[in-house]
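The values are calculated or read from the model by the stated rules, or taken from the named source; none is laboratory data. No experiment lies behind these values; they were computed from the predicted model shown. Every residue, glycine as well, gets a Cβ built from its backbone with ideal geometry; the counts of neighbours run over all protein chains shown.
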Amino acid sequence: MAVTSKALLALNLMLGLSLCSASFARDEAARLAALKSRVQAMAQETACVEAITKIQTLGRAFGYYTDKGYFGEAADLFTEEGSFQWGVDGIYRGKAHIRELLTRHGGGSMTDGPGLPFGRLNLRMQLQPVVTVAADGNSAHARWREWGLLGEYKKSATWGDAIIEDDYVKQNEVWKIAARRYYLNFEAPYQGGWAALKAVSGDWRSPVAKEFPPDAPVPQQYQPFPALFVPPYDYAGTLAAIQSRAPFDSPQRPDDALGRLEALADAKELQLARTHSVRAIENLQAMYGYYIDKGQWHKAASLFSRDGTYESGQSGVYIGTAHVERALSLMGPPGLAPGQLNNYVMVQPIINVSDDNRTAKARWRSDVQLARDGHGRWGGGVYENEYVNDKGTWKFSKLHFYVTFWGDYDQGWAAKPYPMDPPSTTNPPDRPPTLVYQSFPKLQIVPYHYNNPVSGRPTPGEHE
Amino acid sequence: MLKKTVMAFVSLWAAAAYAQGSQELQGLEQQLNSLGDRIQRLQDLTEVEIVQDAYGYYVDKAQWHYLADLFAPDATLEIGGKGVFLGRARVFEYMHVGLGPIGPRDGLLIDHQQFQCLPTINPDGVTAAVRCIAFVMSSGGWGHNYYEDKFVKINGVWQFQKLHGPFNMYSGYKVGWLDNTILNTYPEKWPPWPDLPPTVIYLTFPNYYIEPYHYPNPVTGRPMPPPSPRAGGEAFGRPPASQ
């Protein structure tokens, strides 16, 4: 007993004597623990960004399969018990039914294997994803736009427009589609286009639903264009899709073994944050597009920073979220007017995040499908936008849409181009246009925010 | 004696703790490096897509010098049915001689939009592939083409190694793809002539051709099955009795 207490005393003395080094050891242990938890957080974030890219791959692979009549391969992207809700037709469950559903809509064969017959066009381009991964990393959602070029040679040519809302799950490390809700907005004959569509009345289920009944009815009825229907957003109420890491300053690390590891972690963490930011900005631009589609001006303006700016064509510059919202309102009343179509497709991103992950610039493209008062219109143009990382949430600090062309639907942009609107007099901009130019038939090279990505040469906005 | 024992115990404990600590550091370093490899792949995916998308914007405005800059010196190009062009200089020639002078021409729209890019970084980390759609809105009407391109990373910079763009559907504007479709190109259609003949002979819409996917099915992992030999025929999918 005495021996033990003496020994304890000696131990205490020794520990007491080496107080300085003990505090150092305690400090080191705390640093080690902090580094460990950082590495764990980085592993989770890496898995999250990987999940976003894998889900983007799933959606795009689906498009390439349906394009060419590979409906069995497309159905294989679903879980065994996966479901596909088509318009108001109903819900089809399981890979076999999904395969048959796609085959019947696409004109393929259940017996002949992959392919399409002569003259069948089934292009269903899968665009503009907004991907949100759940906190546990095992499930996810996405919104997509499907732009269809459909038909049969010498028989029909049709435009398709739909919003897709997907649920995904990760099973044995593989991401799969668990449930797809396909909200058909219209299938419009090429002649006349979407602007000539009449409101549907009564049962508008497709002929496929009648020949091949679904496993369950849809939970919600809706009317397609020209009625105005907003497919529910899976990301309503969450900003997760447009968040990455808040800007951070890496402290000077001590030049010891642990310090060198901390510095390595700092570098990888920044690189990870920047790749995550690319996906958040993709989501942001896509989300903006979906709000514009439906005349949700307030929601769209809320994606701008407090002093963010907006400029479209020759509109001039609007500064601050309130003015941005007023500028957007020039396109129509909130929620759009009856029969109004306002599709702005967001594609072809070139996103460059700053080295410190605080700001970003991106070039994007929009094709525009409009209908107003029964008249259809095409548009196209290029964005050069800027973004700011606001405490981890990405926002527009500048949106600038350069119009390439406006054109009449019936005659085409080449035969009947329209000029851009001048700045509004009823709701004038805060600043005049930053660049005065004309749209097609004039052509303007939109200045590039980036140098040539391979040679590094600056690309002139004027001429070579 | 007692003091000595305690001292020995403490120093043993410290040594063990130190050894455990350095082992832990090693483990963390390994974790960080393997995370670093995965993060690099994510960055590569973005960089490869940027090269593909930048290509599209340069075509829009006929900026052929800048477009050719995106190709490795020994890269190849094969578009439509024109055959294969070898090297960056011939990439430039294909565009400049074949498609027109440098710079945009008022009244001539050639928007060459890049949709639905699906990039894959190979395990070696220095080669990659992309499947992409070129959706064309031009003064002449519509175009829908695929790209199945290969990329190589040289001195840390991703660039085209092989651009392969099979045409799918071209049509005029008035009635679209109803019946106003345009045939594939062929080597002698317009200059310049190719260095090598086409690697594949196929017909565009209304015929059926599928350019092979560079990737397996992302869920099953199985390679792409070949299309039905009946695909593209009128008899495809019909029961034998109705043929």
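Any idea which of A:Tyr450, A:Tyr409 is more than 30 Å from A:Trp194 (Cβ to Cβ), in contact (Cβ under 8 Å) with a residue 24 or more places away in the chain, surrounded by 15 or more Cβ atoms within 10 Å (Cβ to Cβ) and in contact with a Lys or Arg (Cβ under 8 Å, 6 or more places away or on another chain)?
Values: A:Tyr409 fails: more than 30 Å from A:Trp194 (Cβ to Cβ).
That would be A:Tyr450, the only listed residue that is more than 30 Å from A:Trp194 (Cβ to Cβ), in contact (Cβ under 8 Å) with a residue 24 or more places away in the chain, surrounded by 15 or more Cβ atoms within 10 Å (Cβ to Cβ) and in contact with a Lys or Arg (Cβ under 8 Å, 6 or more places away or on another chain).
Pick out the one residue from B:Tyr146, B:Tyr94, B:Tyr58 that is within 11 Å of chain A (Cβ to nearest Cβ), of a type in the set (Phe, Trp, Tyr), more than 16 Å from the chain's Cα centre (by Cα) and not in a loop (DSSP other than H, G, I, E, B).
Details: B:Tyr146 fails: more than 16 Å from the chain's Cα centre (by Cα); B:Tyr94 fails: within 11 Å of chain A (Cβ to nearest Cβ).
Going through B:Tyr146, B:Tyr94, B:Tyr58 in turn, just one is within 11 Å of chain A (Cβ to nearest Cβ), of a type in the set (Phe, Trp, Tyr), more than 16 Å from the chain's Cα centre (by Cα) and not in a loop (DSSP other than H, G, I, E, B): B:Tyr58.
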Margin query: Restricting to the stretch B:17-32, and then to whatever is at the interface with another protein chain (Cβ under 7 Å from one of its Cβ atoms) and at pLDDT 95 or above, can you tell me which residue is nearest to A:Lys268 (Cα to Cα)?
Written below: B:Leu32
Notebook entry, point to check: Are there any pairs with C-beta distances below 6 angstrom linking a residue in the stretch A:63-74 that is at the interface with another protein chain (Cβ under 8 Å from one of its Cβ atoms) and closer than 16 Å to A:Leu150 by Cβ to a residue that is of a type in the set (A, V, I, L, M, F, W, C) and assigned to a loop (DSSP other than H, G, I, E, B), with the two at least 6 apart or on different chains, and if so which?
Noted result: A:Lys68/B:Ile210; A:Gly69/A:Leu116
Next item on the list: All but one of (1) of a type outside the set (Ser, Thr, Tyr); (2) free of Cβ contacts under 8 Å to residues at least 60 places away in the same chain; (3) touching a strand residue (DSSP E or B) at 6+ places or on another chain (Cβ under 8 Å) hold for B:Glu49, so report the exception by its number.
Entry: (2)
Note to self: I'd like to know if the stretch A:310-322 contains one or more residues that are more than 14 Å from chain B (Cβ to nearest Cβ) and assigned to a helix (DSSP H, G or I).
What the structure shows: yes
Notebook entry, point to check: With respect to the numbered conditions (1) facing another protein chain (nearest Cβ under 9 Å); (2) among the aromatic types (Phe, Trp, Tyr); (3) touching a helix residue (DSSP H, G or I) at 6+ places or on another chain (Cβ under 7 Å), which one is the sole condition not fulfilled by A:Trp413?
Noted result: (3)
Check: Given A:Leu116, A:Leu123, which one is at the interface with chain B (Cβ under 8 Å from one of its Cβ atoms), in a strand (DSSP E or B) and hydrophobic (A, V, I, L, M, F, W, C)?
Finding: A:Leu123
Note to self: Taking the criterion of being under 13 Å from A:Trp86 (Cβ atoms), at pLDDT 95 or above and part of a loop (DSSP other than H, G, I, E, B), would at least one residue in the stretch A:193-204 satisfy it?
What the structure shows: yes
Next item on the list: Kindly check whether there is at least one residue in the stretch A:423-435 that is touching a strand residue (DSSP E or B) at 6+ places or on another chain (Cβ under 6 Å) and within 9 Å of chain B (Cβ to nearest Cβ).
Entry: no
Check: How many residues, within the stretch B:151-167, are more than 8 Å from every other protein chain (Cβ to nearest Cβ), in a strand (DSSP E or B) and free of Cβ contacts under 8 Å to residues at least 40 places away in the same chain?
Finding: 0
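Quick one: how many residues across the stretch A:42-56 are aliphatic (A, V, I, L, M) and under 15 Å from the mean Cα position of the chain (by Cα)? Talk me through it step by step, then tell me what you get.
Initially, the stretch A:42-56 is screened for residues aliphatic (A, V, I, L, M), giving A:42-43, A:47, A:49, A:51-52, A:55.
If we keep only those that are under 15 Å from the mean Cα position of the chain (by Cα) too, we end up with A:49, A:51-52, A:55.
So the answer is 4.
For the stretch B:73-87, how many residues meet the condition of being closer than 13 Å to B:Asp195 by Cβ and crowded, with 18+ Cβ neighbours inside 10 Å?
Residues of the stretch B:73-87 closer than 13 Å to B:Asp195 by Cβ: B:74-78, B:82-87.
Next, only the ones that are crowded, with 18+ Cβ neighbours inside 10 Å stay: B:75-78, B:82-85.
Looking only at that region, the number is 8.
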Check: Going through the stretch B:199-213 one residue at a time, which ones are over 13 Å from B:Tyr170 (Cβ atoms), at the interface with chain A (Cβ under 10 Å from one of its Cβ atoms) and more than 15 Å from the chain's Cα centre (by Cα)?
Finding: B:Tyr208, B:Tyr209, B:Ile210
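Restricted to the stretch A:251-295, and to residues that are within 30 Å of the chain's Cα centre (by Cα) and assigned to a loop (DSSP other than H, G, I, E, B), which residue is nearest to B:Ser34 (Cα to Cα)? Give the steps one after another, and end with the answer.
Filtering the stretch A:251-295 for residues within 30 Å of the chain's Cα centre (by Cα) gives A:265-295.
Next, only the ones that are assigned to a loop (DSSP other than H, G, I, E, B) stay: A:294-295.
On the way: A:Lys294: 44, A:Gly295: 46 Å.
Filtering the stretch A:251-295 for residues that are within 30 Å of the chain's Cα centre (by Cα) and assigned to a loop (DSSP other than H, G, I, E, B), the one nearest to B:Ser34 (Cα to Cα) comes out as A:Lys294.
Quick grid of which residues meet (1) surrounded by fewer than 18 Cβ atoms within 10 Å (Cβ to Cβ); (2) more than 10 Å from chain A (Cβ to nearest Cβ):
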residue: B:Tyr170; (1), (2): no, yes
residue: B:Leu178; (1), (2): no, no
residue: B:Thr181; (1), (2): no, no
residue: B:Tyr215; (1), (2): yes, no
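Do we have A:Ser315 as hydroxyl-bearing (Ser, Thr, Tyr) and under 21 Å from the mean Cα position of the chain (by Cα) here? It would help to see each step written out before you state the result.
Numbers: hydroxyl-bearing (Ser, Thr, Tyr): yes; under 21 Å from the mean Cα position of the chain (by Cα): no.
So A:Ser315 fails the test.
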Checklist line | Candidate set: the stretch B:217-239, residues that are closer than 19 Å to A:Val174 by Cβ and in contact with a Leu (Cβ under 7 Å, 6 or more places away or on another chain); chosen: the one surrounded by the most Cβ atoms within 10 Å (Cβ to Cβ) | finding: B:Pro218
Margin query: Criterion first (assigned to a loop (DSSP other than H, G, I, E, B), over 30 Å from A:His97 (Cα atoms) and of a type in the set (Phe, Trp, Tyr)) does A:Phe225 satisfy it?
Written below: no
Margin query: Could you go through the stretch A:417-427 and let me know if any residue there is touching a residue at least 40 places away in the same chain (Cβ under 8 Å) and among the aromatic types (Phe, Trp, Tyr).
Written below: yes
